[in-house]
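Below is one structure, written out as structure tokens; the observations come after it.
The values are calculated or read from the model by the stated rules, or taken from the named source; none is laboratory data. From a predicted model like this one, the values you see are computed outputs, not experimental measurements. Here the Cβ positions follow ideal geometry from the backbone for every residue, glycine too, while neighbour counts run over all protein chains shown. For accessibility, only protein heavy atoms count, side chains too; no ligands or nucleic acids. Shrake-Rupley method; radii C 1.70, N 1.55, O 1.52, S 1.80 Å.
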Amino acid sequence: KSVSDYGLDKVSYSKINKYETCPLSYKYAYVMGFPTAPNGALNFGIAIHDTLHEYHLKKSQGKNLKWDEIFEIYKNKWVPLGYMDKDHTNLRFESGEKLLRDYYEKHKDEKVVHKGLEKWFNIRLGKDNFIGKIDRIDLLPSGNVELIDYKTGSSKDQKEIDKDEQLAFYTLGAEEGLKLKVEKLSYYYLEDGVKLSTTRTPEQLEDTREKAMETISEMKKGKFEPKPGMHCMWCDFKDICPAAYKS
């Protein structure tokens, strides 16, 4: 089989993360291409991300949107699929409205210079292409940049942020792919209104690169053994997987 048969013509953080969580789940998703049911949490996150992207894009063009205009964008981005029922759909829509309203009130008067919004990068990890998309890249007074990724789930603690693998990949992508000097890495937890920031040393970035290349090497061998655990509970393929952990 070629690398494209294993979904490795382009590698991403989400692919590596899925393989490390459970190789069989990776196989179902990227090798066999099994479809998945609509996911409410995913659709919620996409609607919020897309609304903030449009808001900041217009702001960078000198257009100061009012709340009513942002709310219209949100309504147009909303996809009412993957939720438990109509009440759950309405509840999540309202929570998204509040989240965005709070964000708007907190940041509407900020003066920020964006170097990129939803910016794609493509770098080499050994012989392989690694791609990714950074939600937001802001210019800092030093001339360096801050990478910001929006999160719609519950916030983590600082120790988890300091070890987070995705932020290290973003740093590699921004510095090698976009030729930017990264000074700060941040997760903005929208539901809590909290931004947590961290940094990465060159040694940490090299460790991330080497670990990723080792994982990709295992993927190329076609090793897709199941790795059951609590993550099975929210796996898209738990109903068809013979090894799924069930309790």
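Taking amide hydrogens as placed 1.01 Å from N in the peptide plane, the amide H of Gly116 sits under 5 Å from those of Ile137, each at least 5 positions away in sequence or on another chain.
Using only alpha carbon pairs under 8 Å that are at least six residues apart, calculate the relative contact order of region 68-160 and give it in whole percent. Relative contact order of region 68-160: 16 percent.
Pairs from the table (Lys133/Lys221; Lys77/Lys156; Lys10/Lys75; Lys27/Lys127; Lys156/Lys181) lying more than 30 angstrom apart at Cα are Lys10/Lys75. Across all directions, the average flat footprint of the convex hull enclosing the Cα atoms of region 1-114 is 9.6 nm². In the full protein context, region 26-76 carries 54 Å² of accessible surface per residue, based on a 1.4 Å probe and ignoring ligands, DNA and RNA.
Amide H to amide H distances under 5 Å link Gly132 with Phe121, where only residues 5 or more positions off or on other chains count and H is placed in the peptide plane. Most tightly packed first, judged by the mean number of other beta-carbon atoms within 10 Å of their residues, the peptides 98-108, 171-181, 21-31 read 21-31, 171-181, 98-108. The fraction of accessible area contributed by carbon and sulfur in region 24-120 is 52 percent, rounded to a whole number (1.4 Å probe; ligands and nucleic acids excluded). In units of the compact-protein estimate 2.2 N^0.38 Å, region 159-219 shows a Cα radius of gyration of 1.23. Per residue, the solvent-accessible area of region 131-211 (1.4 Å probe, heavy atoms of protein chains only, all protein chains present) comes to 47 Å². Note on the chain: helix-only mean residue ellipticity at 222 nm, from DSSP H runs of 4+ residues weighted -39500 (n - 2.57) and normalised by residue number, equals -12500 deg cm²/dmol. Overall size of the chain from C-alpha positions, given as principal axis extents largest first: 52, 48, 32 Å.
In order along region 72-77, phi translates into HN-Hα couplings of 5, 4, 4, 4, 6, 8 Hz, rounded to whole numbers, per the Karplus curve 6.51 cos²θ - 1.76 cosθ + 1.60 with θ = phi - 60° and x for Gly and Pro. With contacts taken as Cα pairs under 8 Å at a separation of at least 6 residues, the chain carries a relative contact order of 22 percent.
Calculated on the alpha-carbon coordinates, the convex hull of region 106-247 measures out at 149 cubic angstrom per residue. Taking every alpha-carbon pair under 8 Å whose residues sit at least 6 apart, region 168-247 reaches a relative contact order of 19 percent.
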